[in-house]
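The values are calculated or read from the model by the stated rules, or taken from the named source; none is laboratory data. Quick caveat: nothing in here was measured; it's all calculated off a predicted structure. Don't worry about glycine lacking a Cβ; one is built from the backbone with ideal geometry, like all the others, and counts go over all protein chains shown.
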C-alpha cells in the first residue's frame, strides 16, 4: 500500500472522512520513520486546534460501567448535533500489548452513528508515548470536525494525570458501596474531578447511590477550590433506565459556559500545550538514552559493567551524566530530583 | 537537629537499629541537598546487597485484603526466624501528596514484632522518583539485617512494573467473583505473577474462591513460560481462619529454591541493577529539563512562546532538542520513540 500524501489526508480530514481519520491516527501510532514524518506534517497542519471543541476525560474503576455510560452519553450528544469521538488511554496494556478500552463492540449504539468515531487505545508502550499519541489523535479528530472528544481511561493515578493534562473537563465515574479503602486510594483522582457521576443508580442500588452522592458532596466540599473556581458536582445515573443523563449533559454544558466565561477554558488549553511540549521532549530524551545514539551505546556498556560488578550503579550513573549532561549532577546545590 | 555522620548511621544499621533505619530512609526520601549527599554515601556503603535476602512484591486491587494478608504472612515469617521489612509504592499519592499504604495501624500484629519494620510509601512525586527511593530503602533494610523484604503496591500496571523491577518474586492477590473486565485489565499484571493468592476464601466465599482458583490455573497455563521456568501457582487463603498460609509459605520457599538452583535468582538481581541504573539516569534527566539548568531555563522560555502562539509545540520541541541533544532528532532514520 502506498502512503497517501499529506495533502490527501488533510483533504480527507477536512471533509470529515472517518476512514481517512482512522488512517491518520494509524500514522500517528506507527513507529516507522516515514509514517512518523507524515504524521508530524499532518498534525502541524491541524494546528492551532479550534477552541470551539470540547474535550472530556472520563475515568472510573473497572466494572463501574464506563462503556455503557459513554454509549448513552455519546448518543445523546449526537442527538444535540455534536460529532463525538471516543479515544482511550489504557496503561495496563503496557506489558501484554493488548488493549481493552475503546472497543467498538462495547459501545454498540454509538458505533452505529455516522457522527461518531471510536478508537481503541494505542497498544503497548510507555504511558508517556501512549498519551502523546492520544493527544495527537485529539487534534486529528478535531480537524475532522469532531467537536466533542471523549478520552477514556482507567487506572490508579498516572493515566488519569495524563488524561487530565489533555482535556477541558474531567468526569469521574464511581460506584456506590465501594469500601473506604477505595475512596482513600482514589483521593488523588477525586481532586481532579470536575464532575463525579455515580453509576448504576437503579433498583435496590438507588438508595445507596443517593447516599453515596450525599457523602461525596460533603467530601468534595472540603477540597480546596480549583483554579477554575468551578465547584465539582455529584450526579447519579442509570444506564438501564436512562435516568440522570439529562442532568449530566446540563452539567457539562454549565461547566462549558462557566470556564468560557471566566477565561479558564483558554488557560487550561494553554496548560495542555505546555504538557504536550514536555511530553514531546521527554519522549525524545528516552529515545536518546535507550535508542541508537552514542549516549545509549555508552549506557549499555555501563549496564554491563554494573551487572558484572565492575562498578556500582551510583558510580555508573555519575559517569554517564558527567559525560553527557555536564553540569546536571556536579552542582553542589543540586536538589534531589522529584 | 544535627545530621548524624555516615559512619554513625552505618554503625546503627549494622546493629539492626530500627530507629536508625527509619532515619536513613528519611534521608533517602529527602529532597535537601545535604541529606541527598548523606543518603548517597550511605547507600553506596550498603552495596553490594547480600544475595541471602529475599524481596517479595505484593499487589492487588483495593479491598483484596493486602494489609491483613501481609500482617499474617509477616508474623509467620518472623516465627520462622526471618526479619521482615514492609515497604510500599503508592502511585495514587501522586497528586494528593498523601499516602495510604504501609500504615502501621493496618498491620497491627506485625507492627508489634521486634523483628519487623514497616514503612509507609514515600509521599508525592513521580512514580520513578518514588520507586527509586523505595529501591534505596530496600538496600538500607537489608543492611540492617532484614532478610525478607515485602514491597507492597496497588495500581493498574505502572506501579506493578516498577515493583516487579525490584523484587525476586511477585505475588498477586485476587478476589473471587471479580468481573470479566477486571481480569482483562489485570492481564498485564497477571503475566508478572509468580504466585497468585485468592483471598477471603472462607464462609460462603470458599466455593467461589476454589472455582476461581481452577479458572486461574487454567488461564495461567496458556501464558508463555517465564524466563525463570517457574510455573505460576494459584493458592487460596483466609485471613479469618488462617487457612492456606502454610501453603503460601511453602510455595515461596519452593520458589526460592527453584530460582537459586537455576541461577535465575542472580540473573533477576542483575536485571534489578540495570533497572536501577536507568531509573537513576532518568531522574537526573528530569531534573536537568525541569530543574535549574540552562536547558530548563530555555524550556521554560519555549513554553511561554508556545502558550502565546509564537511557535507550535512540534517546532519548539525541535528547537530545544537540536540545541541540547544534537543528533537526537535530526537523524533521518530515527525511530519514533516508544
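Screening residue B:265 against (1) more than 13 Å from residue A:281 (Cβ to Cβ); (2) in contact with a helix residue (DSSP H, G or I) (Cβ under 6 Å, 6 or more places away or on another chain); (3) within 11 Å of chain A (Cβ to nearest Cβ) leaves a single unmet condition, (3).
Taking every residue in the stretch A:123-134 that is over 11 Å from residue A:29 (Cα atoms) and not assigned by TED's automatic domain parsing to the domain that holds residue A:36 and pairing it with any residue that is at pLDDT below 75 and surrounded by fewer than 19 Cβ atoms within 10 Å (Cβ to Cβ), at least 6 positions away or on another chain, the pairs with Cβ-Cβ distances below 7 Å are A:126/B:338.
Residue A:297 passes every criterion in (1) touching a helix residue (DSSP H, G or I) at 6+ places or on another chain (Cβ under 9 Å); (2) modelled with pLDDT of 80 or more apart from (1).
Quick one: how many residues across the stretch A:6-41 are closer than 22 Å to residue A:283 by Cβ, away from chain B (no Cβ under 11 Å) and touching a residue at least 60 places away in the same chain (Cβ under 8 Å)? Total meeting the criteria: 2. Checking each residue in the stretch B:23-43 for being at pLDDT below 90 and under 24 Å from residue A:308 (Cα atoms) picks out only B:40. Of the conditions (1) at the interface with chain B (Cβ under 10 Å from one of its Cβ atoms); (2) surrounded by 15 or more Cβ atoms within 10 Å (Cβ to Cβ); (3) more than 31 Å from the chain's Cα centre (by Cα), residue A:293 satisfies every one except a single condition; which number is it? Checking residue A:293 against (1) at the interface with chain B (Cβ under 10 Å from one of its Cβ atoms); (2) surrounded by 15 or more Cβ atoms within 10 Å (Cβ to Cβ); (3) more than 31 Å from the chain's Cα centre (by Cα), the one that fails is (3).
Screening B:207, B:144 for residues that are at pLDDT 85 or above and closer than 21 Å to residue B:121 by Cβ leaves exactly one candidate, B:144.
Residues in the stretch B:80-93 include none that are assigned to a strand (DSSP E or B), modelled with pLDDT of 90 or more and surrounded by fewer than 23 Cβ atoms within 10 Å (Cβ to Cβ).
Every condition in (1) assigned to a helix (DSSP H, G or I); (2) under 22 Å from residue B:280 (Cα atoms); (3) more than 14 Å from chain A (Cβ to nearest Cβ) is met by residue B:73 except one, and the failing one is (2). Taking (1) modelled with pLDDT of 90 or more; (2) more than 23 Å from residue B:228 (Cβ to Cβ); (3) within 11 Å of chain A (Cβ to nearest Cβ) in turn, residue B:242 satisfies each apart from (3).
Listed here are the residues, each with its yes/no results for (1) at pLDDT below 90; (2) assigned to a loop (DSSP other than H, G, I, E, B).
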residue	(1), (2)
B:95	yes, no
B:110	no, no
B:114	no, yes
B:132	yes, no
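When the residues of the stretch A:303-329 are narrowed to those that are within 36 Å of the chain's Cα centre (by Cα) and not in a helix (DSSP H, G or I), which ends up farthest from the other protein chains (Cβ to nearest Cβ)? So, considering only residues that are within 36 Å of the chain's Cα centre (by Cα) and not in a helix (DSSP H, G or I), the one farthest from the other protein chains (Cβ to nearest Cβ) is A:326.
Looking only at residues in the stretch B:46-60 that are assigned to a loop (DSSP other than H, G, I, E, B) and touching a strand residue (DSSP E or B) at 6+ places or on another chain (Cβ under 8 Å), the one that is surrounded by the fewest Cβ atoms within 10 Å (Cβ to Cβ) is B:53.
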